[in-house]
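Working notes for the structure below.
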Amino acid sequence: MSLDHLHPMLVHFPISLVIFGFLADIAVIIYKKELWLSKAGFYLLITGTIAALFTLLSGALFTSEMSGEAGEVRETHELLAWITVILLVIASVFQVLMNMRKTDSKNLRFISLCLYGLGALAVGFTGFYGGTLVYNYMMPL
């Protein structure tokens, strides 16, 4: 049994979980006092981080090497995936610590939101390069 298709099956989870979680955190700022949005953003960050980690590992372990221009795009995609996972892990740890200490500082919330936003941007760029790799190099017309 081949595990080549595991990575393409997993890639959609971190993209959707992280981006929707970040949007939930933005909605908390807009709608103030909506506790369920804050909790949703937190749990989506945690599950999105776990999904991103598994997705990165599946890509690193179960996808084939490429050469030439496709190899360069793949390397960029993989580098962005590592950056994404690192940002999401930092954002997750930061939010877990804030929740454990019950910290409600505006400055810490701003830092947390910035980390989450950077993770959301990074997952978007990673997905863009992954899509470019698939549609431009693996599925030529």
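The values are calculated or read from the model by the stated rules, or taken from the named source; none is laboratory data. Bear in mind that the values here come from a model prediction, so they are computed numbers and not experimental data. For neighbour counting, all protein chains shown are included, and Cβ atoms are generated from backbone atoms with ideal geometry for every residue, glycine included. Each accessible area value is taken on the protein alone, full model and side chains, heavy atoms only, with ligands, DNA and RNA left out. Shrake-Rupley method; radii C 1.70, N 1.55, O 1.52, S 1.80 Å.
A compact table of results
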item	result
Options 59, 117; residue that is among the small types (Gly, Ala, Ser), surrounded by 15 or more Cβ atoms within 10 Å (Cβ to Cβ), part of a helix (DSSP H, G or I) and more than 13 Å from the chain's Cα centre (by Cα)	59
The stretch 62-77, subset closer than 15 Å to residue 3 by Cβ and in contact with a helix residue (DSSP H, G or I) (Cβ under 8 Å, 6 or more places away or on another chain), residue least open to solvent (accessible area, probe 1.4 Å)	63
Residue within the stretch 82-101 that is basic (Lys, Arg), open to solvent by 30 Å² or more (accessible area, probe 1.4 Å), outside any helix (DSSP H, G or I) and modelled with pLDDT under 95 present	no
Filtered residues of the stretch 70-109 (kept if of a type outside the set (Val, Ile, Thr) and touching a residue at least 40 places away in the same chain (Cβ under 8 Å))	70, 74, 77, 80, 81, 88, 91, 92, 95, 99
Residue 2 vs. criteria out of contact with any helix residue (DSSP H, G or I) (no Cβ under 9 Å at 6 or more places or on another chain), exposed (fewer than 13 other Cβ atoms within 10 Å of the Cβ) and small (Gly, Ala, Ser)	no
Criterion (within 25 Å of residue 60 (Cβ to Cβ) and under 19 Å from the mean Cα position of the chain (by Cα)) met by exactly one of 96, 85	85
Complete set of residues in the stretch 1-15 that are in contact (Cβ under 8 Å) with a residue 12 or more places away in the chain and closer than 27 Å to residue 117 by Cβ	7, 8, 10, 11, 13, 14, 15
